[in-house]
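The values are calculated or read from the model by the stated rules, or taken from the named source; none is laboratory data. Not measured: the values here are computed from a predicted model. Note that we place each Cβ from the backbone using ideal geometry, even for glycine, and neighbour counts take in every protein chain shown.
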Amino acid sequence: MGKEKKWILTDVKAGIWVESFAAACEKKDHKKRANWCIVKRQLHGGLTEGVDIIEVNNGALSFTIVPSRGMGLWKGTYEGCELGWRSPVAGPVNPMFVQGSDRGGLGWLQGFDECIVRCGLDSNGAPGEDVVPDNNGNPFSVMLPLHGRIANTPARRVEISVVESGKTTELVISGIVDEGMLFSPCLRLETRISTIVGSNAVTLHDEVVNLNTVAREMELLYHCNFGEPFLEQGSRFVAPSRVVVPRDRRAMEGLTGYDRYQGPTPGYVEQVYWHQLCSGRKGDTVAMLRNKAGNKGVALRYNVKQLPCFSQWKNTVGAGEGYVTGLEPGTNLPNAKRFEREKGRVIRLAPGKRHVVDLTLEVHTTARGVAGVEREIAVLRRGKPIRVFSQPVADLSPGGN
Amino acid sequence: MGKEKKWILTDVKAGIWVESFAAACEKKDHKKRANWCIVKRQLHGGLTEGVDIIEVNNGALSFTIVPSRGMGLWKGTYEGCELGWRSPVAGPVNPMFVQGSDRGGLGWLQGFDECIVRCGLDSNGAPGEDVVPDNNGNPFSVMLPLHGRIANTPARRVEISVVESGKTTELVISGIVDEGMLFSPCLRLETRISTIVGSNAVTLHDEVVNLNTVAREMELLYHCNFGEPFLEQGSRFVAPSRVVVPRDRRAMEGLTGYDRYQGPTPGYVEQVYWHQLCSGRKGDTVAMLRNKAGNKGVALRYNVKQLPCFSQWKNTVGAGEGYVTGLEPGTNLPNAKRFEREKGRVIRLAPGKRHVVDLTLEVHTTARGVAGVEREIAVLRRGKPIRVFSQPVADLSPGGN
Amino acid sequence: MGKEKKWILTDVKAGIWVESFAAACEKKDHKKRANWCIVKRQLHGGLTEGVDIIEVNNGALSFTIVPSRGMGLWKGTYEGCELGWRSPVAGPVNPMFVQGSDRGGLGWLQGFDECIVRCGLDSNGAPGEDVVPDNNGNPFSVMLPLHGRIANTPARRVEISVVESGKTTELVISGIVDEGMLFSPCLRLETRISTIVGSNAVTLHDEVVNLNTVAREMELLYHCNFGEPFLEQGSRFVAPSRVVVPRDRRAMEGLTGYDRYQGPTPGYVEQVYWHQLCSGRKGDTVAMLRNKAGNKGVALRYNVKQLPCFSQWKNTVGAGEGYVTGLEPGTNLPNAKRFEREKGRVIRLAPGKRHVVDLTLEVHTTARGVAGVEREIAVLRRGKPIRVFSQPVADLSPGGN
């Protein structure tokens, strides 16, 4: 059994909120282990005014968790490499400046600059009309804006813990974020974000709970976004894809090179590919973005039973616009919810039930590390060919064939 | 003449704002009187970030006033009984997180967890299109979202005073909340919220002033919400109703038991009844929610000349969804404003004129106290029968007969 | 070369934010020069909660800059005369309380109480539908709300500097405000707001930069608003107008007295006139509002090459509604953007390019000062007659002839 230290930083019900906090490796641990520290503070100025952040440094990998933005992972660094991207927005942005219904339902983008941002929980994907029951139980047409509310909802509870077990130390940030209101689905995100001291990885263990006494729908997508140095001219997307489908006509244009990236390209219009990934016996899979030289890579490890869908978002626009690619495992594809429901990809949670997701972001800065992940992916594929569809498919894209 | 002490906590024009404040009963008053205290502080974390609250404890009854939310009464306790309800929302919620136009105009619910929340001042009720004059004086179609803006508008002035008069001490929280902008109605709420030390009651004395030099419309409804222990399976609504009308077909289903409540019922769809209440010679009336045993009750005392309309909102959904009933006296019924205007229930205030409301919330935790209010109600009814309409009425409900 | 002192108050990227700051004239400068001071602080309470302001007093003229509101100039005073107006809104208002899409796209007015507020940068003017490229490069219909986003966007960088050069001391507030997000125009406002110690003027040197690598549109209008004592019954608008055109039928009603003002008039409906101003050889011009007696005036100096359009907004409503007139030089007229684009008045900025504007607000409190500006204006006009159109013009007003 390990030894655990805990600190509650926020608990709305109990009236607890800690403005600033720091915990760090003590001297006695100093011998072989890496130094680590966890700092909680509040940002001020510009769009960051009042944002709570938790900076975690495990001695090798560092990253920032943002309780004010639904416990997203803002940015990180590993061996001098930036994790994340350069959004036109200088965040992390306080949700008070984000108006989801702006610009035809794309207002979510006003706050979008994270490395890992969850899209959900009631809905995610493109803005679109949906029909929901109103307070009288009658069908009621509403506009669901882009990517839902969870990323712009502050955590009601935040806890830090440090778990020592044998020679390993685990740093843990736990949070609870409630999305809901009267007459609407009430869904809770319980997240446990952890990293082993000295490691190259951070893991999100998320559970989405239906707090209602009636069944509720949910959608959840992990929008994992990377720019330089992992994304560059000649970077590659490597994954055990069994099927690759272009989202639309624009994606068809780049189909032959779907897994290769351009450098920053002014005027570039996004290309999106739907992937179906092979997995191991228990459903485990891994997808990676690697640089041209093959000595830098970011890999996502997750389970296709938990996250059956995967979207590859290529947005290699000019540097000023936000040069980025998104690797996006999800319970669904980021189409408008109505379409996803029709296609059977919206989860229905019974009262009190949970949907559990484990997602690990792993960083490699050596050719050997990158090659290791590529070998794993080859094993997962088991020599099967990739089936690349030449056109959009009706089951996956509105307007597809 | 009494002795009065005053403290200004907020005055935007004068640049006054006090982050934290406390006043309490001094020793010399200790003999027979109850201890009392008033504490002002700012909340942090989650949706409560930055919310100013004033906690008042009169020695027996305690309650929280929220300047950040239009001087609403958040929650209270009396003799160990909670006043208020368990909303899916963990507030009090900073208005910066509330976007009224969300979800088809129901975004107001994102902040709804109070015991007493005012709905108004320019409009309240169901979301709906309305035609207002634009900056050019031309008719302009706008969407009025649910329940208006006053509950999501912070007070521009807040003052505490303690008034001693003979053997009684009165604790008073006064506030000014301005709703308005250029080319729109500018209405001011001046509220004086008071409680006598040791008593079981709190009184809102509200005045709504038209700040413009042209006549303006106003609507005001007091959404008074209670859950357990006052609401439970077998609780009853007791009031000197002369007329009871179901709002819609759904309300017709529960008509025979309109005054009785179910326990938490997953999947329950709200039922609403319009009441016309008898009153005393000066217009005074009282309505009560009491528990099954008849030894716990919350009574609302007000004047039907000030608040001619009354809505009983039954929303006995599951505990996770927000098990609650609302007793809602108002200047109008909570229908869309356009409908209420057609039916002549929207007040028109001449320039500088005021609409005054006095509303008292009184709590009983003895069978004797509850029975006393029931006797009062019987006297007000003067033996007249209650006329219960079997169907919605065109004058009161859109789509009624 | 002058001597310069600098202080950075906000820099989001560098993590700098100073809660309060003061700089003032030191004793050694005391002999003949006026005392000056610069104070930065944060407001609390009501709609001002959390707003950063910078109060500048040059010894004669004082004014308040609001980093939280896009570096607007809130109010000022000179020789006991208020600069600005009495809006129904008690600000400066934190943008978190402003929801632009409210009330048919007029929500911007919820925060409108400044003396000088910039309208832009992607769009300004009346709310209206526009077609923009979506994330897929396809045309997408969106609602552009009144006057755009820049006034409700906090500055990401704020710097104070004091520049001494010979016998003059210049007080400078510099700020950077970014408007933009993924898939939308990213425009930066770099502003340098300066005043010479002891002078009667403040100058805005603004540069709008296209941060994208593709060409982007921009609109920019300076909404300069004045009430008493400069505006009163009998006040006059004095400018070297070559052409005056009523915006609409309502403006036609007041055409003969377009340059004269009424006192506060309950029920007054705004009248707007488009002006084309004469200018000097380099494009410099000046427009003034003066009081009836001609001993108080506010003059705007700017360049018609930078700001070719001018709108005179007469809104002499009752005192409670916001008695005010706006003098509004702009790159365009405040019509809906779509109309302005059709008429060729929307600027297209190449990648990295800038649009530069210099605007000076000058205050006079003597008959001699006012007469001096009137003489300047007469010289600019060079004896040419003013052409006053009797009707709206199709090129300038939607629905014009």
Looking only at the stretch C:128-169, and only at residues there that are buried (at least 21 other Cβ atoms within 10 Å of the Cβ) and out of contact with any strand residue (DSSP E or B) (no Cβ under 6 Å at 6 or more places or on another chain), the one that is nearest to the other protein chains (Cβ to nearest Cβ):
C:154
All but one of (1) outside any helix (DSSP H, G or I); (2) over 23 Å from residue B:203 (Cα atoms); (3) of a type outside the set (A, V, I, L, M) hold for residue B:10; which doesn't?
(2)
Taking residue A:289 as the residue in question, decide whether it is at pLDDT 95 or above, part of a strand (DSSP E or B) and either small (Gly, Ala, Ser) or farther than 21 Å from residue A:126 by Cα (or both).
yes
Condition set over 20 Å from the mean Cα position of the chain (by Cα) and more than 26 Å from residue B:303 (Cα to Cα), scope the stretch B:221-250, selection farthest from the other protein chains (Cβ to nearest Cβ): answer is B:234
For a quick check of your reading: which strands (runs of 3 or more DSSP E) sit entirely within the stretch C:313-392 and have at least 1 residues that are under 20 Å from residue C:245 (Cβ atoms)?
C:324-330
Just give me the residues in the stretch B:78-88 being within 10 Å of chain A (Cβ to nearest Cβ) and farther than 18 Å from residue B:119 by Cα, in sequence order.
B:88
Candidates C:74, C:85, C:108, C:36, filtered to the one that is in contact with a His (Cβ under 7 Å, 6 or more places away or on another chain), closer than 28 Å to residue C:299 by Cβ and in contact (Cβ under 8 Å) with a residue 24 or more places away in the chain:
C:108
For the stretch B:56-77, check the following and say yes or no: at least one residue is of a type in the set (A, V, I, L, M), assigned to a strand (DSSP E or B), within 14 Å of chain C (Cβ to nearest Cβ) and within 27 Å of residue B:196 (Cα to Cα).
yes
Tell me, yes or no, whether the stretch C:349-360 has at least one residue that is in contact with a Gly (Cβ under 8 Å, 6 or more places away or on another chain), within 24 Å of residue C:72 (Cβ to Cβ) and surrounded by fewer than 23 Cβ atoms within 10 Å (Cβ to Cβ).
no
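Here's the yes/no breakdown for (1) modelled with pLDDT of 95 or more; (2) under 18 Å from the mean Cα position of the chain (by Cα); (3) on the phi > 0 side of the Ramachandran plot; (4) charged (D, E, K, R):
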residue: C:300; (1), (2), (3), (4): yes, yes, no, no
residue: C:330; (1), (2), (3), (4): yes, yes, no, no
residue: C:341; (1), (2), (3), (4): yes, no, no, yes
residue: C:352; (1), (2), (3), (4): yes, no, yes, no
Return yes or no: is residue C:125 under 15 Å from the mean Cα position of the chain (by Cα), small (Gly, Ala, Ser) and within 14 Å of chain B (Cβ to nearest Cβ)?
yes
Filtering the stretch B:251-272 down to residues that are within 14 Å of another protein chain (Cβ to nearest Cβ), surrounded by fewer than 23 Cβ atoms within 10 Å (Cβ to Cβ) and touching a Phe, Trp or Tyr at 6+ places or on another chain (Cβ under 6 Å) yields B:264
What is the one condition in (1) under 29 Å from residue B:352 (Cα atoms); (2) in contact (Cβ under 8 Å) with a residue 24 or more places away in the chain that residue C:269 does not satisfy?
(2)
Within the stretch A:201-269, considering only strands (runs of 3 or more DSSP E) that don't extend past its boundaries, which have at least 3 residues that are within 30 Å of residue B:319 (Cα to Cα) and touching a Pro at 6+ places or on another chain (Cβ under 7 Å)?
A:216-226
Examine the stretch A:99-119 for a residue that is among the basic types (Lys, Arg) and under 24 Å from residue C:185 (Cβ atoms), and state whether such a residue exists.
yes
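Would you mind stating whether residue C:387 is charged (D, E, K, R), touching a residue at least 24 places away in the same chain (Cβ under 8 Å) and more than 14 Å from every other protein chain (Cβ to nearest Cβ)?
Answer is yes for this residue.
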Residue set C:98, C:93, C:12; condition facing another protein chain (nearest Cβ under 10 Å), touching a Leu at 6+ places or on another chain (Cβ under 6 Å), more than 28 Å from residue C:364 (Cβ to Cβ) and buried (at least 18 other Cβ atoms within 10 Å of the Cβ); output residue C:93
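Among the residues of the stretch C:72-96, count how many are within 30 Å of residue A:48 (Cα to Cα) and of a type in the set (Lys, Arg).
First, the residues of the stretch C:72-96 that are within 30 Å of residue A:48 (Cα to Cα): C:72-76, C:84, C:87-96.
Restricting the remaining residues to those that are of a type in the set (Lys, Arg) gives C:75.
Result for the stretch C:72-96: 1.
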When you scan the stretch B:179-189, do you find a residue that is surrounded by fewer than 21 Cβ atoms within 10 Å (Cβ to Cβ), of a type outside the set (A, V, I, L, M, F, W, C) and either facing another protein chain (nearest Cβ under 10 Å) or out of contact with any Lys or Arg (no Cβ under 8 Å at 6 or more places or on another chain) (or both), even just one?
yes
Please verify whether the stretch C:191-203 includes one or more residues that are buried (at least 20 other Cβ atoms within 10 Å of the Cβ) and either within 12 Å of chain A (Cβ to nearest Cβ) or within 12 Å of residue C:122 (Cβ to Cβ) (or both).
no
